[in-house]
Each structure stands twice: as C-alpha cells, then as structure tokens.
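J.: Quick one: this structure, given as structure tokens, is what I'll be asking you about.
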Amino acid sequence: MVKLRDIKTLLARISQAGEVRVDPPDLFYINRGKVTGIRYLIGEEMDLDIRSLSPVKLYDSVERLASVIDKLPHGSEVKIIKFKLDLTSFLKKLENEMANINASMELASEPFLKTRLETRLSNLSELYRMIVEGKPLLRLSFIVKIRVEANTIEEAKQILSYHSSIISNVIRSTLGLKMREAGREIGRILAYELGLSNDLDIKSFIGPVNTVAPVLPAPAVKKPRADYEDAVLLGVEVEDGTPLVVPVDMLLKHMIVIGPTGRGKTTLLARLLEGFFSVGAGLFLAVDFKGDLAAYVEKGITRIIEPREYPLSVRGLFDSSIEAKGLLADLLSSSLQVPREILMESVEYVYSMMTAGDVISHVRADILPILEFLGRDSRHKDLAELIMRDNVLANLGSYGYAYQTAYGLILLYLARKTFFQRSAGDIRLIVVDEAWRISRSRLVAELFKEGRSRRVGLVLSTQNPSDLPREVVENAHLVVIFGSPNEKYARDVAGILGLEAGDLAGKLSRLGVGEAFFLNALDPHPVVFKVRSHIHADSDERRAS
C-alpha cells in the first residue's frame, strides 16, 4: 500500500521549485507567492430508483448539473471512474443485505422506519432481478475536484469551501447523490491518479446503465460548430456570443417557431430565409399572411408576389376526387375555424357544384369564404413553374382573413404537388408566418410527415403553442421558443415539449425581445440565443415582430 508521505515526496519532486501540502480534503501547491488549491469531494450515498427514470426529471437534472459545472472555477473536474464488477461477490452481498432488511422489518415498530426499509428492499429486489436476467450493470465512483488560485492558503480554503457547499447541495437535490469532503481517501485518490495504484478503494455505486447514467458529467454549454459549409446563422448565444448555426440538411427535419407578437419571430424568419439563400442549397417558398415578412426580408433575394398576380382556383389541381375533397375540407375548416368532421356535408355540396360546373347559383352561406376559389380563373401552372425556378414570397397582407387562409392553403397544396413530383435534388424550404391559420389542416400534417423523404423542409411560426397539433410537434426536430411572462403560455409550451411548467415559466419570463430558446430533438442541451438583427437601407430601425 502506498503511504501518503511517499506521495508527498513524489509530488515535491515533480513540482521542483514549489512546495506541496496535503491537508485533507485539500491539496495545495505554493510557488512564488501564489497558491493553487484543489479540494476533493467523493460521492457517498445515492438514491437509485431502478424501476423507472422520468425523461422530464432526467432532462431537468442534467440541465441543473451542467449549470453548476459551468459556474465552477476553471480547471475543476467532475470524474466518473468505472470499475470491474464481480457479480458473484456482489450477488452474495446483495442476498445478505436483503435478508438483514427482512429481519429488521420484523422488529421495526415505527411506521416511517418500516416504510424506509420496504423501499430499500424493493430497490434491492429489483436490482437482484436485473442481475439474474443478465442486464448490464455499472460500478462507478464519483469524484469532484475543485481548483482555485489565491494569494494564501487561508484564502484558497475559503474559496474552496464556498464552491464545495454549492455543488454538494445541488448534486444532492438534483441527482440524489450525497457528496462529502475526502478524508484519508485523498491519499488513495492521488496514488490512483499518479499511476501508483491500480485500485481506488473509495465508495462506489452499482446500478443499471439507464439509472447510473444521469451522474455522468454533461457539458454546460454544447458549442455548435461554426465551420459548416452549408449552414444558416440564426443568431448568437446570449451567454458567450458563440454563433448559433443550423446545417441546411437539418431543416429537412422541420422547425416550429413559437412566440407572442413583438418578440422577434418575423425577424428570425427573415434571417433564416436570407441565410438559406446565401448558401445556395435550394429554393424557398414563404407564405406571409400578415405582410410583415415581406418588409423584413432582404431585398433582391426573393420574388414577392400577391394573389392578384397569380390567382388560384381549386379546379384543375386534382388527380382524384379524394384529393379534391381533402383540400375542400381543409379550406372550409381553416376558413371557418371549425373541425373537419362536421363539414363533410358541405364538402360534398361544394364538390358537386364544381363537377356540375355551377358555382354561382344557390350558394350556401357556409361556402362563401372559398367561393372565389371555385371558378376557372387560375394561373396555378405559371405559379408552379415559378416556385420551381425561383425563391418566392407570397404577400397576403392586404386581403381578408378568409381569403388569405384559402389562398395560403391552395398555394401549399400546389407546392406539395409540385415539389413532391420533382426528382430528388436540392432542398425546397417552405416557411409560413402566422401559421396558426392553417396549422391544423391535414395538408400541413402530411407535409410534416412526408416532406423529409422528398427533401422538403417546413418552418411554421405561430403565436400560441396550442395552435400546433401533436402530430406536427412530434415531427419537428427544431424548436424555437420566444419568451413571455404569461403563465398559461409557459404551461402550453411545457405541455407540448414534455417539460416542467414551473421552471420553464421563470426562464421564459426573463427572456428579452429577440431572445429565445433553441431546442434540437437530437441534442438535450437547450441554447438561449439572440436573433441576428439587420438594419434595412430604407429604415433606421425595425421593431421586433
């Protein structure tokens, strides 16, 4: 066994001109009037719920732990050491402990003590079952090394104690892991780190992989790459100014943007379109219901059209009656804001009028919103050719609500038909601002489900989380959430993302105009970023929208 004084001697030789002191739980190195202090914390006890692990709880735990790690002094470490597990020996130990607990339960009279023993026995029984079934287990030791620099040893100890208290409390509250300051174990840790010993005889934890995994250290901020050749710059991270970029291929997995009016949604969409244009990865089609996006997007990158230039009609778009009735149902449902299920009689009525060629006489009131789109005047072939060769933004801002909604849906249907029939090649990006008007249509759901395989990506922007149906949210890999002090807004956001509403409400209320959360379904680390701003030549400043 390596003795502590031998380790001190070795460290003194390594340090040469400096002085080394080991004062558990601390190690100090003094050189030229400066003190470097390292405090060792060891994981002592852990409450393992080996039967289930809530994704929401795991997400929250990792987020909090990562935040604490980020606040630790530079040079600090969180170490997970994996050891070989002798299952035969451990199984015998487990059987003995279960027998002892059963004996203690027979003698226990206090209800709280009996409940505690029952819980412990239940966990051990489940662990025993996993071993028998051959499920993978891990044996890990958890060590935190806090590193600081100071002018004196006393000052270093004070700083170390401050950080030690913070991280011990947070790890206990988030992971159920009790930390304590190292005592005589510091010698064994140093010997192990220096390669003088092959065994680290300190406390370890044993459990199934999916349960022990939450104690693995996670980076507090996952830095995005800024060197993608084909990537769109959305903004910069608030914390450190790191560029937030999204590879254009990731847009094929779809994006939803949620936020109240005036928070920066339209600015974000404009920057997205400009970035997509600059990398030359494909063409975009934008549907601008309010007319704001047309004012924000950089001049010259897109052809801006209005319905009067390219009138559309339902006639001539369909290959079958099923498709025709499907779009008619979407048109009526979105225009009237009523469920599709109660409109089937109206759909049949409209379809019969179309096939009979009579769309003027005996008009029922419930089809008035789409009456103009049942005639023969249409330039859908010209518009289909245009969106296949150029970037197009449809400005619907100066039209009535029902007309906007119907035109937008027919345009999206035309885009789906045109883009899906082309041979696979470069990307087609569809962006819809104020998408709540059409977000519950069957057409949008189909685009989200089928778009990726046809190299068509969708970006929907809306004010309220409740505007988006579940099947749309589940098929969107990228989510941008702008802030709001409204608690209902926070609850709705939490509901669709599966997060805890309480913590999220506080975070959303602190976001300023133009600031938002960016979430990637493939990455558990949310990022707070500031939307990249732009000053137009014809205006000194633009309001956030």
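J.: For the range 74-86, what are the residues that are outside any strand (DSSP E or B) and more than 11 Å from residue 167 (Cβ to Cβ)?
T.: Within the range 74-86, 74, 75, 84, 85, 86 qualify.
J.: Restrict the check to the range 132-143 and report whether at least one residue is of a type in the set (S, T, N, Q), farther than 30 Å from residue 99 by Cα and in contact with a strand residue (DSSP E or B) (Cβ under 9 Å, 6 or more places away or on another chain).
T.: Scanning the range 132-143 turns up no residue that is of a type in the set (S, T, N, Q), farther than 30 Å from residue 99 by Cα and in contact with a strand residue (DSSP E or B) (Cβ under 9 Å, 6 or more places away or on another chain).
J.: Can you tell which of 449, 417 is under 21 Å from the mean Cα position of the chain (by Cα) and not in a strand (DSSP E or B)?
T.: 449
J.: Now, a different point. Filter the helices (runs of 4 or more DSSP H) completely within the range 469-523 down to those with at least 3 residues that are surrounded by 14 or more Cβ atoms within 10 Å (Cβ to Cβ) and at pLDDT below 85.
T.: Counting at least 3 such residues, we get 487-497, 501-509.
J.: Taking into account only those residues within the range 253-294 that are of a type in the set (Asp, Glu) and not in a strand (DSSP E or B), which is surrounded by the most Cβ atoms within 10 Å (Cβ to Cβ)?
T.: Looking at the filtered set, the residue picked out is 292.
The values are calculated or read from the model by the stated rules, or taken from the named source; none is laboratory data. Model, not experiment: these values are computed from the prediction. Glycine gets a Cβ as well: all are built from the backbone with ideal geometry, and neighbour counts include every protein chain shown.
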